[in-house]
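Every read-out reported here was derived from the displayed coordinates using simple, explicitly stated rules and does not represent laboratory data. Note that the structure is a prediction, hence the values are computed from the model and not measured. All Cβ positions, even for glycine, are placed from backbone atoms using ideal geometry, and neighbour counts span all protein chains on display.
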Amino acid sequence: MRAAEIRLPEDFKTPCYYYDLQFLDETLEAINKFSRYPNFHVHYALKANCNDKVLERIAAKGLGADCVSGNEVKKAIETGFGAGKVTFAGVGKSDEEIRYALQQQIFAFNVESLEELEVIDGLAEEMNVIANVAIRINPNVDAKTHHYITTGLDENKFGISSYDMPDVLAVLKRSAHLNFVGIHFHVGSQILDLSVFKSLCVRVNEWKSWFEDRGFFLKVINVGGGLGINYHQPDGDIPDFETYFRIFNDFIERRAGQEIHFELGRAVVGQCAALITKVLYIKKGIKKNFAVVDAGMTELMRPALYQAFHKIEKLNDHSSLVLPYDIVGPICESSDVFGKEVELPILKRNDYLLIRSAGAYGEVMASNYNLRELQYFYYR
Ligand code: LLP
């Protein structure tokens, strides 16, 4: 989104999420334009944002869905992503969720452990259906990002390690109810150093050969998501999809008919929303000025949880006379801080602030802590 294009009703209420669906469309158009290589399929990772209006826009532009719970699978189907374009990942799929996804005949399960593979096999046999499965491999590639959102290292809980792979092959070979479609990787999130994706391609090629040497053809190579956004300059930021998709086209050695699948979340929705909050009180501390605002970690948890940076701006005020403020929420937790020493035009009670780049992992991670309720949404 672009701050200059924000249109709010006169009587808008806060805290609210403001979604710029037109900007989301622009982002989706860039994705479709730059992913136009043969057999490229982009799925949207619903975990980043499950707002119905957002999902409908994304489905309408033809993306598939990457889900991590039975409810996400259900939501994807309800909002227009065809079941045939849904993947289902996650280390802890329950039997009930697996049964539901089997009933819906989704595109593929991304399987995260040997035991899970055996359970899916058993449930598919019970239901007399065939389960499409991709094996999630832990590629041991360092995503060079925050340690909470790095997933592709041996020490992380995600994916199947190389030690288990012979047993996995044995299950795939003997099962009549598993259709092995390919392999899946995901190295982490908010990746800005694109060389990480080149390293991933090297691993993908190694694993592809490993499977081929053992007589398995891989139809699907799913490289996960992780492309980052610019939290420091969010205005009009559309990630560099051109370079991103080109890397996979150039560096993965593909056979005819082999498909590359992507699962992007943040890069799709991150910049299409802002959290808008009202200044409740200005408190002059001994060393600092605090602006206490009406949004808190209950509406946007990323700063409290990961010390994540989100740009904060005063709505419709660009004066050059600024003061440093600590922007804090109303929740009874010391970590309920959106930013420290943020230089902003002079603030007073009832001024409005924008907390930018809140489209990904914002609304979806909101909670009711302190019995709060996120109620207000505006769309353009
Ligand atoms: N695929 C898999 C298997 C994933 O685990 C994730 C994200 C994605 C795709 C989408 O990644 P993205 O393109 O959005 O980077 N709550 C954290 C981020 C957690 C990411 C979890 N996995 C945050 O607020 O930064």
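Rounded to the nearest 5, the antiparallel percentage of DSSP beta bridges internal to the range 22-268 is 5%. For Glu259, nonlocal amide neighbours, meaning residues 5 or more places apart or on other chains whose placed amide H falls under 5 Å from its own, are Val220, Ile221.
Pairs spanning more than 18 Å between alpha-carbon atoms, out of Lys278/Lys314; Lys287/Lys340; Lys47/Lys93; Lys278/Lys311; Lys283/Lys311: Lys283/Lys311. Against the empirical 2.2 N^0.38 Å (N residues), the range 171-261 has a Cα radius of gyration ratio of 1.29.
Database remark: amide H of Asn289 closer than 5 angstrom to the amide H of Asp326 (H placed geometrically; neighbours at sequence offset of 5 or more, or on other chains; Pro and chain starts carry no H). Projection of the Cα convex hull of the range 1-106, averaged over all directions and equal to a quarter of that hull's surface, yields 8.7 nm². Trypsin sites (Lys or Arg not before Pro) within the range 29-134: which are DSSP loop residues with at most 12 other Cβ atoms inside 10 Å? Within the range 29-134, the qualifying trypsin sites (Lys or Arg not before Pro) (loop, at most 12 other Cβ atoms within 10 Å) are Arg36.
Please compute the length gained on full extension between Ile130 and Glu78, using 0.36 nm multiplied by the number of residues separating them and subtracting their Cα-Cα distance.
Result: 16.4 nm gained on full extension.
Only counting other Cβ atoms within 10 Å, I'd like Val168, Val129 sorted with the fewest neighbours first.
Values: Val168 19, Val129 13.
Listing Val168, Val129 from fewest to most nearby Cβ atoms yields Val129, Val168.
Rounded to whole numbers, the Karplus 3J(HN,Hα) couplings from phi for the range 224-233 are x, x, x, 4, x, 10, 9, 5, 7, 10 Hz, using 6.51 cos²θ - 1.76 cosθ + 1.60 with θ = phi - 60°, and x at Gly and Pro.
The simple spin-label model puts a point 7 Å past each Cα toward its Cβ; for Tyr37 and Ser209 those points are separated by 1.9 nm. In terms of overall dimensions, the C-alpha atoms belonging to the chain reach 69, 40, 38 Å along their principal axes, ordered largest to smallest. In plain terms, the residue of Glu263, Glu112, Glu10, Glu333 with the fewest other Cβ atoms within 10 Å comes first and the most crowded comes last, giving Glu10, Glu333, Glu112, Glu263. Listed by chain and number, the lysines placed with their C-alpha closer than 18 angstrom to that of Lys173 are Lys208, Lys219; residues fewer than eight positions away on the same chain are left out. Counting neighbouring Cβ atoms within 10 Å and putting the fewest first, the residues Leu200, Leu102, Leu305 line up as Leu305, Leu102, Leu200.
Only the Cβ atoms of Lys and Arg (+1) and of Asp and Glu (-1) were treated as charged; on that basis the dipole of the chain about its Cα centre amounts to roughly 820 debye. If you wrap the tightest convex hull around every Cα atom of the range 273-379 and split its volume per residue, you get 103 Å³. Per residue, the chain reaches -8000 deg cm²/dmol at 222 nm when only DSSP H runs of four or more residues are counted, each adding -39500 (n - 2.57). Sparse packing (at most 16 other Cβ atoms within 10 Å of the Cβ) combined with a DSSP loop state is found for the following chymotrypsin sites (Phe, Trp or Tyr not before Pro) in the range 274-380: Phe309.
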